[in-house]
Structures are given as structure tokens and as C-alpha cells.
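Trainee: Can you read through this structure? Questions will come right after.
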Amino acid sequence: MRGNVVKLALTWSSKLLAKTTVEEKYQMLHPVDHILRRPDMYVGSNNAKMQAWWLYDEQKREMQQRKINFNPAFYKIFDEILVNAADNKVRDGDAQTYIRVTVERTTGTITVRNDGKGIPVEIHSVHKMWIPEMIFGNLRTSSNYSTKEALTTGGRYGLGAKLTNVLSRRFTVSTYDTVSKRSFSMTWYNNMHSKSKPTISEPTEKIREGFTEISFTPDYAFLKMKSGLREEHIQIIKRRTLDLAGAMGGVAVYFNAEKFGIHSFQDYAMLFPKVAAPLAICRSENWEIVAAAVPNQKATVSFVNSLYTNQGGTHVELVMSYLIDRLQMAYEKKTGHHIKKGIISSHISLFINCRVNNPIFDSQTKKYLKSDPREYGSTPHLEKLCEEFMTKTCILSYIDEYAPALQETRIAVKHLRGGGPRHLQGIEGFSDAYEAATGGSECTLMLTEGMSAKAFAEVGRSILGRNKYGVYALRGKLMNIRGQHPDLILNNQTCQNIIRILGLRVSAQKAGNTTHLKLSSDYDLSKLRYAKIMVIADPDDDGSHIIGLIGNFLHSLCPQLLTKPGFFNILQTPLIRATIGKKQFSFLSEQAFHEHLEKSKDKLEKVRYYKGLGTNSEAEAKACFKKLQDHLVPFYYSERADSQSIIGFFSHSDHCADYRRNLVNTKPAEFRTTQGTPVTFSYFNKTRLAAYAYATCMRTLPNAWDGLVPLQRKVLWTLMKGNFEGVLKVSQLAGYVMERMNYNHGNLPLVEAIQRMAHDFIGSNTIPLLVADGQFGTRYDNGKDAAASRYIFTKLSEITRLIYLPEDDPHLNLRTIEHAKYEPENFFPIIPMSLANGARGIGVGYKCDVPNHSVHQLIRALLMKLQGRESNEQFIPHWSGYTGKISVTENGSYISEGCLANVNRYTIHVTEIPARMSIRAYAKLLQELKQQEIIKSYKERHIDGYVNFFIDVHPQVIAIANRCRFTLRLFGLIQNATPVYTHMVGGNVVTFRDANHLLEDFYTNRMKFLQAKKEKRLDGMKKRLSVLDAQIRFIRLVQKGNVNFLSSTSLSELIESSGFTTEKEHNGFAHLLQMSLSSFTFDGLQDRINKRTNLAAQYKDVLNTSVTESWIQSLKKLLAELPAEGSRPEVKYSPEPVAEWKLSKLAMENLRDRLRRFTTTGEGTKAHRSLSIQMPSTPV
């Protein structure tokens, strides 16, 4: 039965209909119908929109800000029920100990349960209905209407839970009242339009605790959530539940039966990025405040009476303004310089949890607190908070570090825009257009890829004139500024120079919780120094990337520039110049070149590739600029499609990764243009940037079978085919690779690749493919401490040719580069080297991270497969010589644990650190512990790459860490990693499930390769036997005199008449006619007969030997040659007597913070619960 109170809603139609009656114009709606007609008035819009939210990342165990499809109405109806459970704590006090939230994904039902005294199960004497039915089934019923007492609950208007009922298909209330000893249950259906009868019972069994449970299924159709609950909706619910765990101390909070390991509001705050000790903390009546100093990554999170006020309010303004004002005064007093408040606030992360008397919010959605601070009922101790914040944290250091650089940059840009000289000088690599100083309405800025391209552009300026053309040479690739903080962008010299050259006025603008650098809103585009940009980059894949980076720079900074017709242009120069027949041709792509070759009947006489603009001669550069319009490609900006494509390629967010992967996996089309016709950025992405993305993956992702990238393959092939004697200098080998393998990149990556192939320290290669003769780097710095390439030598390791078999070489497919054959597309080693030596690489949209594995285990698994037995090997990462513990988790990740032991009461001995961690990195970690006074000192006694750290530490630290099972974590001896088996296979990016999947793929393809190799080898032997048979028969005919060389008949006719057939490979009868005279002697004949006999025996052996047998023999031979793993040398160390010392207050505080972070992440929750000792608050 609906209530007697009815809300009058007057609606006026915007379009008067011809036959509209008075009754149709003026309507009186029932309150429930009014909520359904106008939900935004009560719970916010039911239309989802993209919004940035802090969500909990399970893997990183911290809050991460992500953009999600946020539905305000759905969020609010859950929040109303959750806040009801939190309000109960205020009423019931210690009687309430938990809140449980359960989400059923399949049915979409959400349940919130809390213990306590329960709701009174009694008949209301005035309204004559059960109280639970009254407060959940009738609007504007509440226990929060009293004006005589100060209430600190979240409920206020008497609508909250009823709104959830109205917007649900099913809504059930269950409670047990510990006073009346009665239980109550009732269900409403179809948006509260129908309901069941209340079920009242007095349980015969004794119930120890009261409870209230609300279970509801939202009306997903009304909420426009057609697919029901999705993962992002569950993540929002989980995040909001996690909020309660932080805001409600003393209450256990569960999500889907899993308890959150949050024990205080400080623990909650430390889940946010860069929020770590030391923190400034204020605890007073009804207030908890945590302030953290973070460099350029602030977060503001606030709760009022357990409600999440995501838009802040007067409580946030009260605390933040107090902190900023005091910090501003302190900074100006210290430095004598004025500092803007915005700079200060960008380094403060503020977390507020407060209870306010009778709070007033902006609306029923309660996003913003409007209460006057004088009516809060309590006041936070801000003076103490501010003192701690300035003394304990690094806030003043961050302000001091970032403010001068940012202000100096802004002053420089301001000076450029002001009344100073308009002609720019002093910018390295920049030549200004003369008319840009007086107004650049017709000037063009050439942005070039490096100084060699600038020389090319200067030739163009000599043709086009220097009045209207300026040129600026970029040094390296332009920074990807998307999502970067304004400080980082303005501190980048190249970015700063482009802003100055164009004459832009930029400012930091806030959007949500992030700050971006944007064109100032009041800037007049007519004041630009240059009206057009012409990008001149190399016609290769890296040149395409640079063009894209410049477009991304302008789109991120000032997208309105791209909308100007003709503003953004590129100069397209020939990639190939070729002489075909007697004519010269230029081609913009390899595809166009090969298409022309297929159609042309003329012979290719000469070809030259111009992958760098520096290859062009001055005459060729002049010819290009004389026909500028033939080479100039203007861009047209289609706002929606182009914006999505630019953001999709250059955004750092995870949701754009799929866009980049699609570009890699889709074969890029050729970039074709028509003179004068603009192209879009999305078309450029699908063609040239897609080609760059694919080429990058080809260059950086190792092959699944040989474990190598093309650069390493070039090095290996050079050594295999170079016939080098002895060792070579690494610098010399690098020169050979450049000369013979068409390597067009820098010398440094090549030298580093050679060094990595020879690394043999613990944590590097299981099987080094090259010999390290000299200092190639050590475990101390993971190989970065290698000597210069001119001082070290290398050669091919002997074991390499047992893995990469010489007899396989003729059967490998070689890469075609610039119309010539070079290194193989991939090798086919006898074991999967990507598993043996591990593999790492990062491409566009993909990454590969495969740990090393035991070669013995790989060989054992392959032998079992080759012998027809099923392999049950569980592949666990393995590094030769590593003495730590490696374990694999259920989700496929692995944990690497170092080792430590007690030497005496005050000294521990670390004998191993996590795999792949350098000794230098671990020493840095110990130095940090020393600065925090958790350890007193440490000494290093490493031998042959084996780790030996002796650490002096107080026994109380060890005792606390051991009791909490925290020792390995405290000393940084545990690392988690998840392997990613993403590789290039046959020109495609393939991701394997695990090591077994990769091994199976390797086995299948190696077998195919061996079978094809055998067939090809047998076919070649057959042809050689046929030739030898013909030569033997021909020699015998000559010896018998059956062939008359003096006859007038041609020799070919005589040979053909004797029954011989021509051989295509030998140009007819050349295999017979070009034999030496000695071949026709009896010794020559016998030599050929012997060759034929030996070849026939080899043919029979190959024919009768299965590919399986040959592979097994190769594996056994490799197994016999594998070097034995070295044993750990003993280290003799007598620790010096250590005088007893007391732990400082700082040490205990830092130890407590580390333990708290450990337990907050959930890893140590069980250990923390079982911890019976109280950590001392004073030094021991």
C-alpha cells in the first residue's frame, strides 16, 4: 500500500501538441514513480560515462587510477546500503564487529551484512507496521530526524536505502533483534511496486548475535547496464568496501568472504602511489588526517561519516588551505622568493576521515560537504599536523626542487611572448625565418630528424628562401608528452624550444586528479610565429615514429592547431632510387619498387636505398625542393577518428594497448598519397605507424625457437660465415657486422648485444654463445660494468655449434634486405634457446620476459618426446650457479628467494639475493635500511660472483621480523615475477601459455624443419649421383673411342645421340664437356667411381636414419659437452666484536611502517594476526 504523502510534480511540455488536455499537461506522480522518472535528482544519472577512479590493483597491491565506464546511479544505490551498515556502528558501538559484502556475478545480486543489535522487530504504535518494513519500504522514514541531538551518521534525508529498493527488481531485508529475540524477513519486488508478507519468528535455537542483512538485485535494464555486472562494476564495489576497511577502525570488513588486511586509516592511505613513510598524522576527536609528500603525484581522498566525498568539500578546503598557507610562508621565509599555491598543492597527498555533526551535502548524492566548519562539532589539530608535515616529510625539498625550474621556464616563455626581441637566437640547431620576427602568418617551420636532415633542409631554404622558412633540428626522438606532468615537459629542452619557436603560451590545467600542460585558453592563434609545420624525417620506420611523436605533441598540447587547414605537413622523400633499363626511377616505398619490377620487362641495372636523408646528394635535395608540391603531404584533422587514433597509439594507459596490438597484428597497407590531397592522422597510423609498430616488434621481441632478435642473429651469422681465426676485438666484430649484415643503427646497441651474448655470470646466460675474453661485465652491475669494446675480445663458443648445427645452415631461410640476402630469418637450434638462456624484449603493445631454465631438464623433456614417452616435466626457472630458492605459484608466476643465516647475535650473512638482481642494486637497498637505522652497517665479501653480505643488525629487529615471518621481505630477499612468453614466430607475434606450450611448438616446428631438410638433402644427393653416373659413362665411351671429337657433327648432338640428357643446373651438357683432361684417364675414372660409391653410402645412411634418431644423437652429444656447474667457494670472515647499541626511535618507526605495509598488502595478514607480541613504541 502506498503512503498517504504524495509529491506533486508539475511538468511543462516544451512542444505544445494540438490536442493536449489540461490533465495531460499537469500531472501528480506517486513518489516512487517520481524517482523512476527523475532518478538523477536522487541518485545521479543512470547514463554511464568515462571517469577516472582509484581502483585497487591486486597484482601491484596498491591503488591505481584508471578510466572506467562509471554509472553514478548504480554506485549510489550500493553506497546507500553500505553506509547504512557503517551508520549502525555509531548506534551499536562495540556490539558491531564486522561488515560483509558479497557480490554474485552470475545473478547480479549484492548482499551487505553486519552484526550488532539488529533492527527493532516491533510494531510501530503510530503507523501500525513492523519497524523494518516501515524504514525500508516507505520513503522519508529514518532514525536521523532528531534536531535535539548531534548525529554523526551518513544518513540524513530518510531516502537512502529506499532508493535502492525502488531501483531494484528484488530487495530483501533480514534481521535479528537481540532485544525482542525476534527475526524478521521481507522482500519487495519490481521497483517496490509489490512485496511479500513479513515473516516473523522467534528462533528456538539460541542466536548469539544480532544482524542485519540487505540483499538486492538492481534493475540493470533501468540502469542501462544491459550486460549486468561487469568486472569494472565489481572493482568499484570492492574499492568502496575497501574504503570502509580504512575508515572504520575496529571493524573487520570482508569482500566475497575475503578479509581486507587494513588495520588503520594510515594503512589505507599507504595503498596510494608514492605514499610512504615518513607521514604526518593527526588523530583527534572525530578526525584522522594523513598527509604525505609526493613529487607531482598528489591524491586527495576524504570521508565524512563513512561517506566518500569524491568532490571534496569544506573539510578538505579547511585542511588543505591551512597546510598550503603555512608551507607558502615557510618557503618564502627560507628562500625570499614567492611560490604559487598550485605548485605546493601538486606535492601533497591528503587523506581525511572525519565525523561531522548533522552534515549538509550538496545533494542526495553526497559528493561534496557544504557544512560550515564552525558547525562540525569538533576541530582537527592542524597546527601539530603542519609541524609534523614540514619536519618529518620531504615536502619543502620537493617544493625547492621543482619550483625554481618550473618558474624559470615560465619566465622564459613569458619573456618570449612579451615585448622583448622577436627574432630568436641562441637555440641550438635552430635557424629562424626572417619574417617570423615580424609576424609569421605565412612562415613555415621545418622540423627535421637530426642535424643531417637539417643540412638537407638548409639546401631547401636556399631554393625556397630564408624569409619564410625556418628550420629546427630535433636531437633524437621527441618526448611522448601524453599524460606527463607539466614540470617534466617544460624541463625537456626540445619541448621547451618548440614552444618558444612557435610562440605558444601554455599553462598547467587540472582535469580531475591530474594536471596537464595545455594551450592557454586566452591565447590568440593568429599570434603564432609560424603558420605551418613541415616535418622532414628519414623515410624509414623510425622516421614515421618521429612524425607521429610530433603530431602527438601538438595534439596533446593544443589540438586546435591541427584543425587549421594546411598547418601540419610532412615532406615525403624517395626511399629507393633505381636504374631500370636505361631510365632512372624514384620510389617512396619498397612495395611500389617491387610492383614496378614485376610489371617492367627491363633489367634492374642499379638500386640504392635512401633510409637516411643524409644519403641524398645536394643535387638530389635541390631536385626535391624544386618540385616541393610533388613531395609535400598535408594532413587533415578529423576530430573524432584522428583523436582516437593518436591517443590509442601514444597513451600510456592499459586500455589503449589493444589498439597498438591490432596495429601490429594487421598487415600495414602502403602509405599512398595523391598530390595536394590531405591525409588523416588515422590513415597515417594504419599505414606508416603500423609499419613502425610491426618493425619494432620484429626488432625487439626474441624468436621463440632460437631466443634471438635480428641484431643478435646478425652477430652470430657474421661469426659463423666469416672464417675468422682466433679472437676478434668486439669493436672489430661490430665493424664486420655493420659491413656485411646491412646494419643501419648505432654502434652502441650492437656492442651491447655482443657483450650480452658473452655474459657468463650468475643470473645471465645459461649457455653463452660467445667467448668472453676480457672484462665483459659482472654480476655486480648485471654486465653494465664492461670494459670499452676496443679492449675486449670474443669469438664463437665451441658449444654454440653443437646447438646451432653447421649442417642446418644451407637449409635456413635468409632475410632479404635492400634486394640482397643477409642473416637467417631464424635459426633452428636443437633446444629452445629462448627457454635455456631466457628472453627479454619490449615492442609496441607487447613485451617478452622469459626466465632461464635448466638445459638438462630441456634435453630430458625433448628426449622423452623423441622416444615417444609423455613428458611430465614441470619447468621451474633455473640459473646456473644460483643457490637461492625458486618456486612457482598457481597462477604461473615465480618467486625468487635469497638466503641468509645468523653468524652471531648481531650479524647475519646473506649468501644469495633474488635472481636477476645485481649486487649493486642490493647494496643500494641495504644503504637505505642503514639510513633508516634498521641496520647498523654492512660489509661486502663477494667471490667469483657469489654473494656475501655481512649485516650488523639489532637482535630485536630479527626477533620482530621472525615472529611476523617478515625477515626475507625486510631484507629485500624476495622477488615475484610473472613470465610473459610473447615471441616472434614466422613473422607473427605469438603468446604462449607457459614453457610447456612453447616447448611443444618448438618440437613440432623443429621436426618439420628436419623432415624438410632430409628430403632436400636426399634430393640433392640424387642429383649428384645422377651427374656422377653420367660422367662415368661418358668417360668410358671416350676411352672406348665411341666419341669422335674430330667429327663434323656437333658434340652436343653426339652426346645426345648416345642417350645422355641435359642438366638444367649445368647448362645443358656442361657437366660432361667441362671436365678436365685428367678426368678421362683411368685414375680420373676410378676417382669418380669412388666418389659415387661414397655418396651412395651416405645417401643410404641418410635415408635409413630417421630425423628422430639424428636429433637424439645431437642432444646426447650436447649433453656430454655441457659444463658442470661450479661449486660455491667458501668465504672466511671473522666479524669484529660489535658493541651493544640501542635501537633508535627512528629505527622502530621505520620498522613499524615496513611491517605495516607488509601486512596491508595482504601477504603478511595471517602472520600479523598470529603475532602475539606488541612492538615497542620506545627504543629497546
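Trainee: Could you identify the single residue in 172, 212 that is without any contact (Cβ under 8 Å) to a residue 60 or more places away in the chain and either under 27 Å from residue 108 (Cα atoms) or of a type in the set (Ser, Thr, Tyr) (or both)?
Mentor: 172
Trainee: Now for a separate question. How many residues does the range 53-90 hold that are closer than 18 Å to residue 311 by Cα and either in a loop (DSSP other than H, G, I, E, B) or not assigned by TED's automatic domain parsing to the domain that holds residue 114 (or both)?
Mentor: 1
Trainee: Same structure, new question: For the range 262-297, enumerate the residues that are surrounded by fewer than 20 Cβ atoms within 10 Å (Cβ to Cβ) and in contact with a helix residue (DSSP H, G or I) (Cβ under 9 Å, 6 or more places away or on another chain).
Mentor: Scanning the range 262-297 gives 263, 264, 276, 277, 278, 283, 284, 295, 296.
Trainee: So is residue 116 in contact with a strand residue (DSSP E or B) (Cβ under 7 Å, 6 or more places away or on another chain), farther than 30 Å from residue 654 by Cα, small (Gly, Ala, Ser) and at pLDDT 85 or above or not?
Mentor: Criteria met by residue 116.
Trainee: Restricted to the range 721-746, and to residues that are part of a helix (DSSP H, G or I) and either in contact (Cβ under 8 Å) with a residue 40 or more places away in the chain or basic (Lys, Arg) (or both), which residue is surrounded by the fewest Cβ atoms within 10 Å (Cβ to Cβ)?
Mentor: 721
Trainee: Right, another one. Say we look at the range 442-475 and pick out the residues that are β-branched (Val, Ile, Thr) and assigned to a strand (DSSP E or B); which of these is surrounded by the fewest Cβ atoms within 10 Å (Cβ to Cβ)? Spell out how you get there, then give the answer.
Mentor: Step one: filter the range 442-475 for residues β-branched (Val, Ile, Thr), giving 444, 448, 459, 463, 471.
Checking the rest, the ones that are also assigned to a strand (DSSP E or B) come to 444, 448, 471.
Details: 444: 21, 448: 26, 471: 25.
Among them, the one singled out is 444.
Trainee: Next question, about the same structure. Could you identify the single residue in 153, 102, 106 that is modelled with pLDDT under 90, under 27 Å from residue 220 (Cβ atoms) and among the hydroxyl-bearing types (Ser, Thr, Tyr)?
Mentor: On inspection, the qualifying residue turns out to be 106.
Trainee: In the range 520-530, what count of residues is obtained for those that are over 29 Å from residue 345 (Cα atoms) and surrounded by fewer than 20 Cβ atoms within 10 Å (Cβ to Cβ)?
Mentor: 4
Trainee: Evaluate the following for residue 478: is it out of contact with any helix residue (DSSP H, G or I) (no Cβ under 6 Å at 6 or more places or on another chain), closer than 30 Å to residue 67 by Cα and either assigned to a strand (DSSP E or B) or not hydroxyl-bearing (Ser, Thr, Tyr) (or both)?
Mentor: No: the conditions fail for residue 478.
Trainee: Tell me, please, whether a residue that is more than 21 Å from residue 611 (Cβ to Cβ) and either touching a Ser or Thr at 6+ places or on another chain (Cβ under 8 Å) or of a type in the set (Lys, Arg) (or both) can be found in the range 542-559.
Mentor: yes
Trainee: Which residue, of 517, 504, is crowded, with 22+ Cβ neighbours inside 10 Å and on the phi < 0 side of the Ramachandran plot?
Mentor: Only one candidate qualifies: 504.
Trainee: Given the conditions (1) surrounded by 15 or more Cβ atoms within 10 Å (Cβ to Cβ); (2) among the aliphatic types (A, V, I, L, M); (3) modelled with pLDDT of 90 or more, which single one is not true for residue 1018?
Mentor: Evaluating residue 1018 over (1) surrounded by 15 or more Cβ atoms within 10 Å (Cβ to Cβ); (2) among the aliphatic types (A, V, I, L, M); (3) modelled with pLDDT of 90 or more leaves (1) as the failure.
Trainee: Additional query: Within the range 795-828, restricting attention to residues that are within 30 Å of residue 579 (Cα to Cα) and in contact with a Ser or Thr (Cβ under 9 Å, 6 or more places away or on another chain), which residue is surrounded by the fewest Cβ atoms within 10 Å (Cβ to Cβ)?
Mentor: 822
Trainee: Here's another thing I want to ask about it. Please go through (1) loosely packed, with under 15 Cβ neighbours inside 10 Å; (2) modelled with pLDDT of 85 or more for residue 338 and return the number of the only condition it doesn't satisfy.
Mentor: Condition not satisfied by residue 338: (2).
Trainee: Looking at 306, 345, 321 in this structure, which one is of a type outside the set (Lys, Arg), under 23 Å from residue 368 (Cα atoms) and buried (at least 20 other Cβ atoms within 10 Å of the Cβ)?
Mentor: 306
Trainee: Shifting gears a bit: Could you list, in sequence order, all residues of the range 899-943 that are touching a strand residue (DSSP E or B) at 6+ places or on another chain (Cβ under 9 Å) and among the acidic types (Asp, Glu)?
Mentor: To start, the set of residues in the range 899-943 that are touching a strand residue (DSSP E or B) at 6+ places or on another chain (Cβ under 9 Å) comprises 899-903, 906-917, 919, 922-923, 926-927, 929-930, 934-942.
Within the range 899-943, 912, 940 meet the criteria.
Trainee: Tell me which helices (runs of 4 or more DSSP H) are completely within the range 855-974 and hold 2 or more residues being among the basic types (Lys, Arg) and at pLDDT 90 or above, or say none if there are none.
Mentor: Result: 855-866, 919-931.
Trainee: Here's another thing I want to ask about it. Give the residues of the range 29-50 that are in contact with a helix residue (DSSP H, G or I) (Cβ under 6 Å, 6 or more places away or on another chain), outside any helix (DSSP H, G or I) and hydrophobic (A, V, I, L, M, F, W, C), sorted by residue number.
Mentor: 43
Trainee: Out of 906, 894, I need the residue that is among the aromatic types (Phe, Trp, Tyr), closer than 30 Å to residue 701 by Cβ and in contact (Cβ under 8 Å) with a residue 40 or more places away in the chain. Which one?
Mentor: Testing whether each residue is among the aromatic types (Phe, Trp, Tyr), closer than 30 Å to residue 701 by Cβ and in contact (Cβ under 8 Å) with a residue 40 or more places away in the chain leaves just 894.
Trainee: Residue 593 passes all but one of (1) crowded, with 22+ Cβ neighbours inside 10 Å; (2) assigned to a helix (DSSP H, G or I); (3) touching a residue at least 40 places away in the same chain (Cβ under 8 Å); which number fails?
Mentor: Unmet condition: (3).
Trainee: Follow-up. If you take the residues of the range 596-625 that are assigned to a strand (DSSP E or B) and of a type in the set (Lys, Arg), which of them is nearest to the chain's Cα centre (by Cα)?
Mentor: If we take residues in the range 596-625 being assigned to a strand (DSSP E or B) and of a type in the set (Lys, Arg), then 608 is nearest to the chain's Cα centre (by Cα).
Trainee: Another question, then. (1) in contact with a strand residue (DSSP E or B) (Cβ under 9 Å, 6 or more places away or on another chain); (2) without any contact (Cβ under 8 Å) to a residue 24 or more places away in the chain; (3) surrounded by fewer than 20 Cβ atoms within 10 Å (Cβ to Cβ): which one isn't true of residue 258, the others all being true?
Mentor: (1) is the only condition that residue 258 fails.
Trainee: Would you please name the residue that is surrounded by the fewest Cβ atoms within 10 Å (Cβ to Cβ), looking only at residues in the range 365-401 that are aromatic (Phe, Trp, Tyr) and out of contact with any His (no Cβ under 7 Å at 6 or more places or on another chain)?
Mentor: In this case the residue turns out to be 368.
Trainee: Follow-up. Being touching a residue at least 24 places away in the same chain (Cβ under 8 Å), under 30 Å from residue 696 (Cα atoms) and surrounded by fewer than 22 Cβ atoms within 10 Å (Cβ to Cβ) is true for just one of 492, 497. Which residue is that?
Mentor: Checking each option against the conditions leaves just 497.
Trainee: So, residue 316, is that one farther than 29 Å from residue 372 by Cα, β-branched (Val, Ile, Thr) and outside the structural domain of residue 102 (by TED's automatic domain parsing) or not?
Mentor: So residue 316 fails the test.
Trainee: If you don't mind, another one. Taking the range 98-123 on its own, how many of its residues are touching a Gly at 6+ places or on another chain (Cβ under 6 Å) and either in a strand (DSSP E or B) or under 12 Å from residue 210 (Cα atoms) (or both)?
Mentor: 3
Trainee: Tell me, please, whether a residue that is of a type in the set (Ser, Thr, Tyr), surrounded by fewer than 20 Cβ atoms within 10 Å (Cβ to Cβ) and touching a strand residue (DSSP E or B) at 6+ places or on another chain (Cβ under 6 Å) can be found in the range 669-679.
Mentor: yes
The values are calculated or read from the model by the stated rules, or taken from the named source; none is laboratory data. Bear in mind the structure is a predicted one, so any value in this text is a computation, not a measurement. No Cβ is skipped: glycine too gets one built from the backbone with ideal geometry, and neighbour counts run over all protein chains shown.
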